[in-house]
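Since the structure comes first, as structure tokens, the remarks are kept for the end.
The values are calculated or read from the model by the stated rules, or taken from the named source; none is laboratory data. What you see is a predicted model; the values in this text were computed from it and never measured. Glycine gets a Cβ as well: all are built from the backbone with ideal geometry, and neighbour counts include every protein chain shown.
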Amino acid sequence: MGSLSPTRQSDGVSIDGLAAVSRISVVVVGPVPPPTHGVAVATERLLESRTLSKEFELIHLDTSDRRSLRNLGKVDLTNVALALSSCLRLMRICVGRRPALIYYTLSQNAPGLLRDVCLASVGRAFGAAPVVQLAGAMYVDTARSQSIAGYLTRHALRRAARVLVLGESQVPGVIEVCGHSRVSVVPNGIAESDGIGPVSGRQQENRLGLLFLGALSKSKGLIDLLEALALARSRGCDVSATFGGEWREASLTTRVAGLIADYGLDDAVHFAGVLQGAAKRNALRDADVYVLPSFAEGQPISILEAMSAGLPVISTHVGAVPDTVEDSVTGILVTPGEPEMLADALCLLCQAPAMRIELGKNGYARFLESFTLERSHQSMLEALRLALE
């Protein structure tokens, strides 16, 4: 069912040389791994942040569903019980700890949105101002709709003390649907120690090893990537791909197997399962290019990991990806759902090893400048201060 796990105690005892009693309490609502996915990883890193803990007492309201990623967003008895439990535990926190803020990542489906609105309402009833994190790409489109999800999204955004987005390009649309300008840009980040740094010994030849990390689903562009891979190889480009991730759609495995057979890709693709720790670092070290041709994203942690490894990135014009990957400088951006354009990008980088090395170096420099965990949490600290006002 999850648990209440304060990351720091406001008992007046000095923690890391800091007087905990003077800090402001913030409830951080969200899951932590396992299973591993973007929101869970971001929540875990937020709770561990030394930058934030200097000024705020972070109290974790755990909403984790320890089952497979396939259960995310589904309506079943377990998820209903988790939602009710979360509301009751939040009431208990508010009565005992009197938090000033409640931070949560807004869901992108109606059942999750209903839970989120209930949690925010509980917080407001006890004087905790909601801080809403937008971690995906579809919020504005949803808020403009007349659906139940659209109503709930508008409700959550308009009553937030602060709305956090991942990139500057998202600000105008969010302000439009919010009806206020209480919007802050807080990009994702990863620790420098989590990256492997630029790898100098990558292949210089005209061949390309692609790496894909993420849920194996149609929405991530898996089918498009297989088609682009086949097109590139038909043009004489020596391109192969490693896929690391968990299957999100059971029926998709059969379709993918058929496409691999039809396209003759048996010797060009490898499905490695979920890659973590040393296995992920090795995959990043061995790859020439990171590719994520997704139809909808916020700001994928996997792209930041690739940049931290000095890999050029091929991705799509969705969400905050254009704020992260600078087209023709740190990678190549294509239109989602366009395998031909994706194949062009693959062939270009396959035939220009010096170019992909230069893109990777630029990406690493951009990571250090803008997307370290310290920079992300400093932006979060400033946003929480604004929310208190």
* All but one of (1) over 25 Å from MET341 (Cβ atoms); (2) part of a helix (DSSP H, G or I); (3) of a type outside the set (S, T, N, Q) hold for ALA230; which doesn't? -> (1)
* Structure fact -> Those residues of the range 278-331 that are over 17 Å from ALA241 (Cβ atoms), surrounded by 24 or more Cβ atoms within 10 Å (Cβ to Cβ) and among the hydroxyl-bearing types (Ser, Thr, Tyr) come to a total of 3
* Residues that are farther than 15 Å from GLY319 by Cβ and in contact (Cβ under 8 Å) with a residue 12 or more places away in the chain: which strands (runs of 3 or more DSSP E) entirely in the range 89-186 hold 3 or more of them? -> 101-105, 129-133
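Do the conditions hold for PHE243, that is, is it aromatic (Phe, Trp, Tyr), closer than 16 Å to GLU227 by Cα and touching a residue at least 60 places away in the same chain (Cβ under 8 Å)?
Here the answer is no, as PHE243 does not meet what is asked.
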* Asked: Looking at (1) surrounded by fewer than 19 Cβ atoms within 10 Å (Cβ to Cβ); (2) at pLDDT below 95, can you tell me which one CYS87 breaks?
  -> (2)
* **Residue list for the range 22-50, restricted to those being in a loop (DSSP other than H, G, I, E, B) and hydrophobic (A, V, I, L, M, F, W, C)** => VAL32
* Asked: Which of the residues that make up the range 2-23 are surrounded by fewer than 16 Cβ atoms within 10 Å (Cβ to Cβ) and at pLDDT 50 or above?
  -> VAL21, SER22
